[in-house]
1. Pick from Phe248, Phe236: which is touching a residue at least 40 places away in the same chain (Cβ under 8 Å), touching a strand residue (DSSP E or B) at 6+ places or on another chain (Cβ under 9 Å), surrounded by 14 or more Cβ atoms within 10 Å (Cβ to Cβ) and in a strand (DSSP E or B)?
2. Residue under question is Thr190, and the condition is that it be at pLDDT 95 or above, within 18 Å of Asn53 (Cα to Cα), part of a loop (DSSP other than H, G, I, E, B) and under 19 Å from the mean Cα position of the chain (by Cα); does it hold?
3. Look through Pro72, Pro51 and report the one residue that is at pLDDT 95 or above, assigned to a loop (DSSP other than H, G, I, E, B) and either surrounded by fewer than 20 Cβ atoms within 10 Å (Cβ to Cβ) or in contact with a His (Cβ under 8 Å, 6 or more places away or on another chain) (or both).
4. Could you check how many residues of the range 169-182 are farther than 18 Å from Ala199 by Cβ, at pLDDT 95 or above and under 22 Å from the mean Cα position of the chain (by Cα)?
5. Would you please name the residue that is nearest to the chain's Cα centre (by Cα), looking only at residues in the range 30-48 that are part of a loop (DSSP other than H, G, I, E, B) and within 30 Å of Arg125 (Cα to Cα)?
6. Within the range 129-146, is even one residue part of a loop (DSSP other than H, G, I, E, B), within 12 Å of the chain's Cα centre (by Cα) and surrounded by 14 or more Cβ atoms within 10 Å (Cβ to Cβ)?
7. Scan the range 219-233 residue by residue and report those that are surrounded by 17 or more Cβ atoms within 10 Å (Cβ to Cβ) and not aliphatic (A, V, I, L, M).
8. Report every pair of residues separated by at least 6 positions or lying on different chains whose Cβ atoms are under 8 Å apart, first residue within the range 212-227 and farther than 13 Å from Gln81 by Cβ, second surrounded by fewer than 15 Cβ atoms within 10 Å (Cβ to Cβ) and among the hydrophobic types (A, V, I, L, M, F, W, C).
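The values are calculated or read from the model by the stated rules, or taken from the named source; none is laboratory data. These numbers come from a predicted model, not from an experiment. All Cβ positions, glycine included, derive from the backbone under ideal geometry; neighbour counts span all protein chains shown.
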Amino acid sequence: MVVGFVVATAIETAMAAPVAAAPPDPSAPVDFVSLGDVDPTILMEIRYATPHNFTGDPVVGYDAPMCLLTRPAADALRRAQQEFLADGYSLKVYDCYRPQRAVDEFVGWASDLADQRMKAEFYPRVDKSRLFEDGYIAEQSGHSRGSTVDLTLVELPAAATPPYVPGQPLVDCAAPASQRFGDNSIDMGTGYDCFDTLAHTLDPRVQGEQLKNRLLLKDGLERQGLQNYELEWWHFTFKPETYPETYFDFPVAPLPG
């Protein structure tokens, strides 16, 4: 009877013990802003909040389809947008601040060689086992510092982008614009997040209208202090960065206040 009493007491104590609450998400510094608040005319297609990305699933940490950036980076995009609007174009962003947890998920995905669901569109000529070695996936991303943005240009008035339906046939991201996913951007020679050397901004195979379009985007953004990453035509970082050494992990979600 004593043993039974001890066991029962232990069970009751365990049941009564409070369950440890999950630690709260870290919060954004006060100098991060929503780009939609700074300039609501800039179009958005936040790919990692959807399954239309190289993983095939919405990415952890993207709790809302929105763009968060440091204030100086957002202000630079606002200035660039005013110039592009005057010429009949609008910026469209694909990704902005990216939490470290999302980067960690990319690393885990790249290590899972069995998951090839999105290969036909995003990396048709790259063996998945080489994504780290070839520099397409890394354990840290400049996006997590808050001053880097992936974006393109759309001719106005903007045509609608057809919805992506998981499981639909995939088309090579380097195929002609008339064949690949019906993004409403001007033709940049590849789709967004194309793991291919053709996505290098000044790849010599890109000529004519496609090169003109890349330079239109590049020159307009660089006038406002956003520097292009030469291996991705869509990738720009505002310099000087507000947080050049800090990799944040707060979720992409509405900011407090």
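1. Checking each option against the conditions leaves just Phe236.
2. Numbers: at pLDDT 95 or above: yes; within 18 Å of Asn53 (Cα to Cα): yes; part of a loop (DSSP other than H, G, I, E, B): yes; under 19 Å from the mean Cα position of the chain (by Cα): yes.
For Thr190, the condition - at pLDDT 95 or above, within 18 Å of Asn53 (Cα to Cα), part of a loop (DSSP other than H, G, I, E, B) and under 19 Å from the mean Cα position of the chain (by Cα) - is met.
3. Among Pro72, Pro51, only Pro51 is at pLDDT 95 or above, assigned to a loop (DSSP other than H, G, I, E, B) and either surrounded by fewer than 20 Cβ atoms within 10 Å (Cβ to Cβ) or in contact with a His (Cβ under 8 Å, 6 or more places away or on another chain) (or both).
4. 0
5. Taking the candidates together, the pick is Ile46.
6. yes
7. Gly220, Gln224, Gly225, Asn228, Glu232, Trp233
8. Taking only residues 6 or more apart or on different chains, the pairs are Arg214/Leu202.
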